[in-house]
Structure formats: structure tokens, C-alpha cells
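The values are calculated or read from the model by the stated rules, or taken from the named source; none is laboratory data. Predicted model, so just to flag it, every value in this text is computed and none were measured. Ideal geometry is used to build each Cβ from the backbone, glycine not excepted, and the neighbour counts take in all protein chains shown. To get the accessible areas, we keep the full protein, side chains included, count just its heavy atoms, and leave off ligands, DNA and RNA. Shrake-Rupley method; radii C 1.70, N 1.55, O 1.52, S 1.80 Å.
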Amino acid sequence: MKVAIVGAGIGGLSVAWALRKRGVDVMIFDQGDIPSLTASSNDEHRITRHTYGGLPGYAALMPHAFATYDRIWQDIGTSHYLPTGIVYAMRGGADEYDEIAADLSPLGIAHSRLSLAELESRVPFLSLDGVTSAYQAGGSGILLAGRIVRDLAHWLRENGAEMYPNSRVTAVDPDAATVTVGQQVYSADVVVVAAGAWVTNLLPKLADRLTPSRQMVMYLQPPAHHAASWAQAPVLIDVGPSYGAYVLPPQGGMRLKIGDHRFTRIGHGDDDRIATDFDIAPVLAAAQTAFRDFDQYTILENKVCYYTVSDDERFVIEPICGAGWVLSACSGHGFKLGALMGEGLARTLTGDTPAGDVTAWAAGKTAGA
Ligand SMILES: Cc1cc2nc3c(=O)[nH]c(=O)nc-3n(C[C@H](O)[C@H](O)[C@H](O)COP(=O)(O)OP(=O)(O)OC[C@H]3O[C@@H](n4cnc5c(N)ncnc54)[C@H](O)[C@@H]3O)c2cc1C
């Protein structure tokens, strides 16, 4: 069997990795380099955690997601996971601790509420203004995303994958299992479209369900007097009345990063990546609220990125016509689950499907591995 994969983000690379391990021939096409600078997957880091309060079904998948990454670490020869734990600071609004505890207790993952004094001791650089509740959990940390996609691409090159960088696919024919790049038509037995925020260029029928969303993250350098506590800090979720910030501490050679969970649902992957005042304002406001001494932080970069969102924020893995599949991450959890999803689709393509119905499984509707 030969599989043509459009898109070399975490989704496409993971399908390719899992297929090559099963002896399947793969061709991987990307419109940019592999990995591409504009891929959602190619940022310094992404959060991983087991908590999934608002999305039933996904917490049960997270141990499998961690196990898939463990298999990747074995193959690429190094781990790109930094276990930091996670701290939540809620400034008004809903207290989600009970939901988080319900996710984590069955998995045996530690969690506890934090008093304000405990919060201050754990994250002394955080402002306590307006904090109404706080809690912490294990089973969470940082995935060094850019290094992961770089090393997966390297593993694939070393292990017989045909790589086609700078090859924008202009059409896929899922019945004939072909992809077209310029004048060239490539034939396979199966086509997988894992094109991230560009998916609807190739599959316009999905446009009513999959929406590109322009998101911005801010890279910061903390002032020297907070550097030591940032170096020991957990991943942070800081939810205020008008923002839902996530914060990755500067560890593993990466920079401090803050972003806003809320989806803009505007833009397109092809748009320019120049941060506007409209992009910057909500993230800046969140950082000003969350961090003590924010005026002493240096803004290193405002980085615009796109991911695809759906109304229910659930992954889409679906057949498209005869010999085609689409794999699309739907919201800000696409990296932590992306490798598991890619492996799940590869197992389906090779007939090795402990998950059963892969579409329901990807949507978090069954808990099989
Ligand atoms: C700001 C931000 C913060 C995030 N935070 C987190 C987080 O903390 N935790 C988490 O789990 N997830 C997070 N995510 C989500 C996660 O990064 C994405 O869901 C995931 O990386 C998507 O992977 P992908 O492979 O589907 O898409 P991508 O990584 O975007 O890859 C798609 C690839 O397809 C290529 N392509 C597209 N069209 C074509 C074509 N026609 N021909 C050839 N190639 C094509 C593109 O060039 C690209 O390389 C975040 C995303 C953003 C933007």
C-alpha cells in the first residue's frame, strides 16, 4: 500500500511515522519546508495536560496520547516533553476544580486546591488581584513542538518516506487516490489530507464545519528578579472575566509565552502573519492582568498563527469518498492529541484498529486506544 499525505504538521507526520513503522510506503507533501514555518505545529512549545473538563471523552484519551509520544521519543532517540505540572488561577467566573478532579481522579493523577498563600509561593510572579480560586494538577507539561516535528521529519527521511517540501497540492482526487502538484499528478492507494488551517482549500465542503482561526502568542523575557521562579514554574492557565490565558514558562531553552484561549474565528492560513493592534490587544491585556511587574517584561515577539476550530472542538478523522481521509485538529488541543490521532488513522488504514470506529474515537466518543 502507498499513502499520499498532504500536510507535514504533527497530524500528517504522525500518520506517516505510524505507517512507515508498519511497512507502508508514504509520500508527504507540504507547501512549505518540512516542517513548514507557517504550520501550526511548528512553534516553540505546546501545552499537554490530562484535564478536559468541558470536553467529555478526551481525558480518557490522554494516557494514550502520552504513550504515543513515548513511542516517538524511542524512535527519534530523545524526549521532547518537559513535565512541569499545571496551575490554574481563576479570577472570577466558573470554578472548574470539580470537573478537573473528575477527569484526573480515575487516571490516578494528583490534583489539589491551592490557597492564595500556596499560589503565591508556587508562582510568585503571578498577580493575585481578583483571584477567586486556584488549583494545581500533575500529568501536564510542555511539548517542544518545533523540535518534535523537526525530528519526526528527520526520522521519516531516514526511514524511507518520500518527502516533497515546497510542493503545494492544488487538487486531491480521493476516488482515484491522486494528488496534483502543479502539472504533476502523484498516484497512491490512499490520500490523507492533514492540511491544518488550509484544509478547506482542498476540501471546500468542510468549510461549514471547520473554521480557520487567527491566534496570536506573545513571547516575553521576564525581569531578572523573577527569572529564578519562572525557571521552576508550571504551565499556567489564568482565566479572567475577559480572557482565558495560557502561559508556558521559559524552560528547555524556550521562551516565556502567553496566549489567549478564545478563538477569533477570523482569517485564513494564507493571510499575512504581521501582528496587528487587534491581535495584540487581548493578549497584552491578559499579560498585564496576570503578571506582577509586567512593565518590566520585554516583549520579544508577537507571533500570529492559525489553527482550525469546529463548533464542538472535536477532532475530525473521516473518510472522504473512495480512498481519501481527512484528519483535522479542531482547536487548541491539536498538538497534544495530534500524534495519537495520526497513529489511530494509520492503524485504521492498515486494518489494525483497536479503536473500532476511528471517527467516533477521534471525536472522543469512545475511549479505546
Ligand atoms: C497559538 C496556538 C497555540 C496552540 N496551543 C496548543 C497547545 O497548547 N496544546 C495543543 O495541544 N495544541 C495547541 N495548538 C494547536 C496545535 O498546534 C494544532 O492543532 C496542531 O499543530 C495542528 O496540526 P496539523 O498537523 O493539523 O496542522 P499544521 O501543523 O498546520 O500542518 C498542516 C500542514 O499542511 C500544509 N499544507 C496545507 N495546505 C497544503 C497544500 N495544499 N499542499 C501542501 N501542503 C499543505 C501546511 O503547510 C502545514 O505544514 C495551538 C495552536 C496555535 C495556533
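Results, tabulated for the structure shown:
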| quantity | calculated |
| --- | --- |
| Positions within the stretch 32-59 being in contact with a Gly (Cβ under 8 Å, 6 or more places away or on another chain) and closer than 25 Å to Lys21 by Cβ, in sequence order | Pro35, Ser36, Ala39, Ser40, Ser41, Asn42, Thr48, Tyr58 |
| Residues located in the stretch 254-282, provided they are over 26 Å from Gly32 (Cα atoms), open to solvent by 70 Å² or more (accessible area, probe 1.4 Å) and more than 21 Å from the chain's Cα centre (by Cα) | Asp277, Phe278 |
| Of all residues in the stretch 151-179 being in contact with a Phe, Trp or Tyr (Cβ under 8 Å, 6 or more places away or on another chain) and of a type in the set (Ser, Thr, Tyr), the one that is farthest from the ligand (Cβ to nearest atom) | Thr178 |
| Leu13 within 19 Å of the chain's Cα centre (by Cα), open to solvent by less than 10 Å² (accessible area, probe 1.4 Å) and either over 17 Å from Cys330 (Cβ atoms) or modelled with pLDDT under 95 (or both) | yes |
| So Ala285, is it in a helix (DSSP H, G or I) and either within 15 Å of the ligand (Cβ to nearest atom) or among the hydroxyl-bearing types (Ser, Thr, Tyr) (or both) | no |
| Unmet criterion (only one of (1) in the same structural domain as Val193 (by TED's automatic domain parsing); (2) within 16 Å of the ligand (Cβ to nearest atom); (3) closer than 27 Å to Ile148 by Cα) for Gly54 | (3) |
| Some residue of the stretch 7-20 being farther than 29 Å from Ala137 by Cβ, assigned by TED's automatic domain parsing to the domain that holds Ala177 and hydroxyl-bearing (Ser, Thr, Tyr) | no |
| Spans of strands (runs of 3 or more DSSP E) in the stretch 67-140 with at least 1 residues open to solvent by less than 30 Å² (accessible area, probe 1.4 Å) | 86-90, 133-137 |
| Residue within the stretch 194-212 that is under 30 Å from Ala102 (Cα atoms) and under 23 Å from the mean Cα position of the chain (by Cα) present | yes |
| Among residues of the stretch 288-336, those that are more than 19 Å from Arg265 (Cα to Cα), in a loop (DSSP other than H, G, I, E, B) and not assigned by TED's automatic domain parsing to the domain that holds Ala245, counted | 3 |
| Single residue of the stretch 290-314 satisfying the filter (in contact with a helix residue (DSSP H, G or I) (Cβ under 7 Å, 6 or more places away or on another chain), open to solvent by less than 40 Å² (accessible area, probe 1.4 Å) and near the ligand (Cβ under 9 Å from one of its atoms)) that is farthest from Ser14 (Cα to Cα) | Val304 |
| Residue in the stretch 95-103 that is more than 11 Å from the ligand (Cβ to nearest atom), of a type in the set (A, V, I, L, M) and closer than 30 Å to Ala287 by Cβ present | yes |
| Number of positions in the stretch 1-51 that are near the ligand (Cβ under 6 Å from one of its atoms), touching a Pro at 6+ places or on another chain (Cβ under 8 Å) and within 21 Å of Arg314 (Cβ to Cβ) | 2 |
| All positions within the stretch 320-360 that are in contact (Cβ under 8 Å) with a residue 60 or more places away in the chain and away from the ligand (no atom under 16 Å from the Cβ) | Cys321, Gly322, Ala323, Arg347, Leu349, Thr350, Asp352 |
| Gly146, sole failed condition from (1) closer than 18 Å to Gly11 by Cβ; (2) in a helix (DSSP H, G or I); (3) touching a helix residue (DSSP H, G or I) at 6+ places or on another chain (Cβ under 9 Å) | (3) |
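Results for (1) surrounded by fewer than 16 Cβ atoms within 10 Å (Cβ to Cβ); (2) over 22 Å from Ala285 (Cα atoms), shown as yes or no for each residue.
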{"position": "Pro165", "(1), (2)": "yes, yes"}
{"position": "Val192", "(1), (2)": "no, yes"}
{"position": "Thr200", "(1), (2)": "no, yes"}
{"position": "Arg214", "(1), (2)": "no, no"}
{"position": "Val217", "(1), (2)": "no, no"}
{"position": "Ile237", "(1), (2)": "no, no"}
{"position": "Gln251", "(1), (2)": "no, yes"}
